Amino acid sequence: MAGIKLSERSAKVKYEIRDIVLRAKKVQESGKKIHWFNIGDPNVFGFKPPAHVTAAIKVALDDSKYSSYCPSQGDPDLIAAVAKKEGVGAESVFVTSGLSEGIDFVFQSLVDPGDNVLLPSPSYPLYTTKCEVLGGVPNYYACDSKWEPDIEDMRKKINARTKAIVVINPNNPTGATYSRKTLKGISDLASEYKLPIIADEIYDQMTLDSPHSINMRDLKCDTLLVSGNGISKNYLYPGARVGFLSVHNDEENVLSSALLRLCNARLSVNWEMQRGALAAVTGNHDHVKAAVTELRKRRDVVSRRVNGTSGLSVVAPSAAFYSFVKVESKNFATDRDFVYSLLENTGVLVVPGSSFSPVLDGKYFRLVFLAPPAELEEAFDKIGAFVKSKA
């Protein structure tokens, strides 16, 4: 309707990982095959949640108890299981509609207009958006050539309005896993400045070269720590939308009280899906080995093909299913120029690196490598020809 004025807040909501799909659909309508390498959804490419997880949901669907409102904090059994795993009390665990809602709740609890939050560069875009919507300022800290956080740069970025440090390990979009030395450095820095740590650890089992990434809780941080996880990635079930937050070292329940109020205000998370999450957390993890074996094959294809293409380079990811590729070619003004031209010429859909950080030194794109090796090879034939044609 004419005359409606949208809020300034709504204009700050950006998520190019999905926004770019509209452009891809127009290209698809022209008859071109699209290689959908933009969204990290394992199920689109044949991966499936563990059978014991979906079986638990089916049982819950036939039990009328689970069709009612769930307690706002979450299913008590799931909370108890997560609390045991995390080493916190049940009052410190909160079930959210995916970890995305959990991130939203933590930022709502901590950030006022003018505050800033330390984010890795590059960072998962939801953190930037949540910060800006609340009137906060994304405060990006640098990472080194292997995509590990630069502790000294992090120190330089801390100021009187810094409210928290975000750690994404394993990292999206780079696929990097952080060393114990790096994580200890972050823990010590947070302790020195009495800053909360927000640890996004949703890929902690999806490690390609080691059994498991190091969780921040394992370092026995003495500052407030929020550990975020869920079943979207480790259990290959993004559609379930079940995440959980675990709050450590919140002796006076200051943050926990705020999180509970936010949970109450949105009523509850789907109870049947939480029963599936309970089966995931407490059941066997046999699916991880098979999934990682397949992901490693795909990672190796991408690393080989990228580094065999003049004008592109990549640090081989050690976790998750993302490659953060550098565009060395000087023939593209911006990463968006590269990505949109690639899409229109070849049908290969990736995401501009600047969507993950506006302060990157260089041009990058994120490629999701969940597709079968044969499709990745086909797509890189097109990418290689495209890059060569622009040389």
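For segment 335-353, the criterion of being outside any strand (DSSP E or B), without any contact (Cβ under 8 Å) to a residue 40 or more places away in the chain and within 27 Å of LYS130 (Cβ to Cβ) is satisfied by at least one residue. Just a yes or no: is a residue in segment 292-310 buried (at least 18 other Cβ atoms within 10 Å of the Cβ) and not in a helix (DSSP H, G or I)? Among the residues of segment 292-310, at least one is buried (at least 18 other Cβ atoms within 10 Å of the Cβ) and not in a helix (DSSP H, G or I), which makes the answer yes. The sole residue among ALA379, ALA385, ALA371 that is over 19 Å from VAL21 (Cβ atoms) and among the aliphatic types (A, V, I, L, M) is ALA385.
Taking segment 300-325 on its own, how many of its residues are free of Cβ contacts under 8 Å to residues at least 40 places away in the same chain and β-branched (Val, Ile, Thr)? Number of matching residues: 1. A count restricted to segment 198-239 and to residues that are hydrophobic (A, V, I, L, M, F, W, C), more than 15 Å from GLY175 (Cβ to Cβ) and under 14 Å from the mean Cα position of the chain (by Cα) stands at 4. Scanning segment 320-338 turns up no residue that is within 20 Å of the chain's Cα centre (by Cα) and farther than 18 Å from GLY353 by Cβ. All conditions but one from (1) crowded, with 23+ Cβ neighbours inside 10 Å; (2) in contact with a strand residue (DSSP E or B) (Cβ under 7 Å, 6 or more places away or on another chain) apply to THR162; the one that does not is (1). Going by the structure shown, is LEU119 in the same structural domain as GLY243 (by TED's automatic domain parsing), at pLDDT 95 or above, touching a strand residue (DSSP E or B) at 6+ places or on another chain (Cβ under 8 Å) and surrounded by fewer than 21 Cβ atoms within 10 Å (Cβ to Cβ)? In short, no. If we keep just the residues of segment 50-67 that are touching a Phe, Trp or Tyr at 6+ places or on another chain (Cβ under 7 Å) and under 10 Å from GLU272 (Cα atoms), which is surrounded by the fewest Cβ atoms within 10 Å (Cβ to Cβ)? By that ranking, first place goes to TYR66. The numbered conditions (1) crowded, with 16+ Cβ neighbours inside 10 Å; (2) modelled with pLDDT of 95 or more; (3) not polar (S, T, N, Q) are all true for ILE17 except (2). With the condition kept exactly as written, say whether any residue in segment 282-290 is out of contact with any Cys (no Cβ under 8 Å at 6 or more places or on another chain), assigned to a helix (DSSP H, G or I) and within 16 Å of VAL93 (Cα to Cα). The answer is yes, given that some residue of segment 282-290 is out of contact with any Cys (no Cβ under 8 Å at 6 or more places or on another chain), assigned to a helix (DSSP H, G or I) and within 16 Å of VAL93 (Cα to Cα).
Taking first residues from segment 200-222 that are closer than 11 Å to ALA319 by Cβ and among the small types (Gly, Ala, Ser) and partners that are part of a loop (DSSP other than H, G, I, E, B) and modelled with pLDDT under 95, no Cβ contact under 9 Å between residues at least 6 apart in sequence or on separate chains turns up.
The values are calculated or read from the model by the stated rules, or taken from the named source; none is laboratory data. Predicted model, so just to flag it, every value in this text is computed and none were measured. Positions of Cβ are generated from backbone atoms using ideal geometry, with glycine treated the same way; all protein chains shown enter the neighbour counts.
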